[in-house]
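For reference, the structure discussed in these notes is given below.
Quick note: the coordinates plus some simple rules give every number you see, no bench work behind them. On a predicted model such as this, the values are computed, not experimentally measured, just so you know. Cβ sites come from the backbone with ideal geometry, for glycine too, and all protein chains shown count toward neighbours.
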Amino acid sequence: MRRQILLTTSAIALMVSAQSAFADMDAARQFLDAEIGDLSSLSREDQEAEMQWFVDAAQPFQGMDIKVVSETITTHEYEAQVLAPAFTAITGIKVTHDLIGEGDVVEKLQTQMQSGENIYDAYINDSDLIGTHWRYQQARSLTDWMEGEGADVTNPNLDIDDFIGKSFTTAPDGDLYQLPDQQFANLYWFRYDWFSDEKNKADFKEKYGYDLGVPVNWSAYEDIAEFFTGREIDGKKVYGHMDYGKKDPSLGWRFTDAWLSMAGNGDKGIPNGLPVDEWGIKVDENSRPVGSCVARGGDTNGPAAVYAIQKYLDWMKAYAPAAAQGMTFSESGPVPSQGEIAQQMFTYTAFTADFVKEGLPVVNEDGTPKWRFAPSPHGVYWKEGMKLGYQDAGSWTLMKSTPDDRAKAAWLYAQFVTSKTVDVKKSHVGLTFIRQSTLDHESFTERAPKLGGLVEFYRSPARLQWSPTGTNVPDYPKLAQLWWQAIGDASSGAKTAQEAMDSLCAEQEQVLSRLERAGIQGDIGPKLAEERDLEYWNKDAVEKGNLAPQLKIENEKEEPQTVNYDELVKSWQ
């Protein structure tokens with residue numbers, strides 16, 4: 001699909017590169033004819049009206065060269081290779097859209113924050129940085145920008161309420177600091193065909209006493225992993241679980257991307273637990289971080305967090321291929337598509353396009369998948385009303401160090417690539433939904449059977465329990481890098497799960513303490529609480545109607561529960 005789309009758009013790239021640097025409605029019409037067609041939530045008349053607005057708004061910036069940056073994923077490749085040259089032809093603003101690694105994006109952003117030098121005119125960086133942007137006040141408030149200096153370059157048809165991730169990019173002060181550009185979730189992935197096989201179902205029922213189905217909790221996931229591991233299917237020995245364990249920066253995402261919340265770490269609250277979030281960081285009533293360790297009322301090293309890490313270690317050893325232990329995120333990603341994995345707790349839906357390619361062992365001859373996505377199961381500490389998983393929201397961010405004219409030109413580009421005119425087509429390429437109007441488009445109803453439940457999930461109320469890192473994290477770049485090193489020690493066996501999380505929470509509090517002493521985040525920066533024991537903070541939480549930190553549950557193997565996938569999907573409708 002992606003290859004076909006890029007081939008059909010190569011002619012557009014040639015056409016737009018030949019355009020002079022002047023705003024041009026003829027180029028807009030050619031773009032709409034060749035690239036968009038009826039893959040838009042707008043009528044052709046409304047598409048042209050939106051493009052005319054871009055032509056008019058871009059007049060003061062004719063011939064300007066701007067630079068923007070994002071991580072390298074399919075959605076951003078499409079923007080850089082197809083939408084950027086089209087934007088140039090239509091508006092006369094020349095765009096260099098750099099594609100680099102996610103870590104490199106954060107590094108460039110950090111450098112611009114620290115130096116004040118304008119490295120890029122706009123960034124697509126994860127909304128995981130929302131707490132950073134709000135506290136450091138070096139990113140423009142888009143709420144103020146759209147009403148003030150940027151009002152003349154803000155699309156009247158932008159429709160902020162249409163963005164399904166706007167709550168992720170809104171700070172406690174009520175302002176929007178980032179505009180979502182792409183979103184994808186971590187979901188449970190399983191072989192629907194194997195789960196539907198009558199012999200597998202009968203054998204599972206005989207062994208475990210309940211029905212094989214989508215696991216609702218980790219106890220059921222563990223049983224299913226045990227059941228399939230070592231089983232022979234289609235002449236191959238299969239595994240009941242897949243993960244990765246190499247001590248590498250990508251190991252950090254595996255855990256900051258809400259693994260602890262799935263176990264039941266933190267408090268209730270959507271999109272993130274309050275006052276304790278899924279990183280285990282606690283804030284006070286003024287949103288000031290007061291601690292990470294249970295000794296200060298946090299939950300990074302509490303029983304739920306340690307349980308989460310221990311299950312990760314146990315399942316990797318018992319149910320995953322031996323090679324998984326030495327794999328990174330990118331190396332492990334394609335493994336389930338090779339046909340030997342029965343289920344995976346933690347799969348990024350951004351890889352959906354790579355899981356539906358013709359000829360794969362997990363794809364039927366008619367192009368429909370043999371697998372499905374479903375909501376992730378939760379751990380024994382999880383309670384109703386808590387966050388259940390992670391959703392990435394790569395979002396446009398304008399730094400205050402960017403000159404106004406350059407920020408305005410970049411803002412036009414950001415709105416172009418997220419506009420209602422182009423978003424349906426862009427979403428078919430990258431499958432990273434940001435708009436409700438796109439999700440509702442009939443073309444996705446038609447394509448849904450070939451996407452394994454992705455569309456059904458995003459149209460369901462279940463998606464609300466999946467969210468990015470919240471606002472409790474005061475400095476994402478500094479704190480996130482601590483995770484992979486601590487978890488890596490547990491993964492390698494150098495430390496126990498408890499020791500690794502004790503170390504991690506202490507290192508997080510060292511960063512919080514430095515920020516407190518520096519005072520650079522003012523009255524919304526960290527203010528560490530006094531140290532007490534777990535029982536004190538648990539009692540304090542319960543008295544205030546909260547959960548975290550929870551006391552240890554002696555029997556962490558709860559009653560397993562599964563649900564029939566087809567019935568689950570019906571319940572969403």
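Where in the chain is the longest stretch that carries no GluC sites (Glu not before Pro) classed as loop by DSSP and with at most 11 other Cβ atoms within 10 Å? The segment 118-284 is the longest one with no such site. The Ser43 and Glu535 beta-carbon pair, evaluated with R₀ = 51 Å, returns a calculated FRET efficiency of approximately 0.20. Here the gap between Gln62 and Asp211, fully extended at 0.36 nm per residue and compared with their Cα-Cα distance, gives a gain of 47.2 nm.
Amide hydrogen proximity for Trp371: with H placed 1.01 Å from N in the peptide plane, the residues at 5 or more positions away or on another chain lying under 5 Å are Tyr192. Note on Asp243, Asp56, Asp366, Asp423: ascending count of other Cβ atoms within 10 Å places them as Asp366, Asp56, Asp243, Asp423, the fewest first. Projected onto their three principal axes, the Cα atoms of the stretch 23-170 cover extents of 43, 29, 28 Å, largest first.
Distance between the pseudo-spin-label points of Glu331 and Asp159 (7 Å out from Cα toward the beta carbon): 4.5 nm. The ellipsoid equivalent to the alpha-carbon distribution of the stretch 189-345 has semi-axes of 34, 18, 12 angstrom, derived from the gyration tensor eigenvalues as √(5λ) and listed largest first. Diffusion of the stretch 91-155 by Stokes-Einstein, at 10 °C in a medium of 1.306 mPa s and with Rh set to the Kirkwood radius over alpha-carbon pairs, works out to 117 µm²/s. Working note: Karplus 6.51/-1.76/1.60 with θ = phi - 60° gives the stretch 273-281 the couplings x, 9, x, 9, 8, 6, 7, x, 8 Hz, where Gly and Pro are set to x. Along the stretch 156-166 the Karplus relation, 6.51 cos²θ - 1.76 cosθ + 1.60 evaluated at θ = phi - 60°, assigns HN-Hα couplings of x, 9, 4, 6, 4, 5, 7, 7, 6, x, 5 Hz to successive residues, with x for each Gly and Pro.
The value obtained for the stretch 463-554, namely the Cα convex hull volume divided by the number of residues, is 169 Å³ per residue. Quick one: Debye curve from the alpha-carbon atoms of the chain only, equal weights, vacuum; give me log10 I(q)/I(0) at q = 0.05, 0.08, 0.10 Å⁻¹ to two decimals. Debye intensities relative to I(0), on a log10 scale: -0.21, -0.55, -0.85.
Could you check the simple spin-label distance between Ser401 and Asp366, using points 7 Å along Cα→Cβ, in nm with one decimal? It works out to 5.6 nm between the two label points. This model, with +1 at the C-beta of Lys and Arg and -1 at the C-beta of Asp and Glu, gives the stretch 427-573 a dipole about its Cα centre of some 600 debye. In whole angstrom, the stretch 344-431 maps to an equivalent ellipsoid with semi-axes of 34, 23, 10, each derived as √(5λ) from the alpha carbon gyration tensor and ordered largest first.
A simple count of charges around Leu551, restricted to other residues whose Cβ falls under 13 Å of its Cβ and scoring Lys, Arg +1 and Asp, Glu -1, yields -4.
Quick one: Debye curve from the C-alpha atoms of the stretch 364-514, no solvent, what's log10 I(q)/I(0) at q = 0.11 Å⁻¹? Evaluating at q = 0.11 Å⁻¹ gives log10 I(q)/I(0) of -0.72. Arranged from fewest to most other beta-carbon atoms within 10 Å of their beta carbon, Ser115, Ser395, Ser332, Ser70 become Ser115, Ser332, Ser70, Ser395. Look at Thr397, Thr347, Thr445 and count the other Cβ atoms within 10 Å of each Cβ; fewest to most, that gives Thr445, Thr347, Thr397.
Relative to its residue count, the stretch 196-262 spans a Cα convex hull of 115 Å³ per residue.
Taking max minus min of the alpha-carbon positions on each principal axis, the stretch 517-573 gives extents of 54, 32, 20 Å, largest first. Looking at the chain, the DSSP beta bridges with both ends there are about 70 percent antiparallel.
In this simple spin-label model, placing a label point 7 Å from the Cα along the Cα-to-Cβ direction at both Gln485 and Asp234 gives a separation of 4.3 nm. Over the chain, dividing the summed -39,500 (n - 2.57) contributions of all DSSP H runs of at least 4 residues by the number of residues returns a 222 nm mean residue ellipticity of -12000 deg cm²/dmol.
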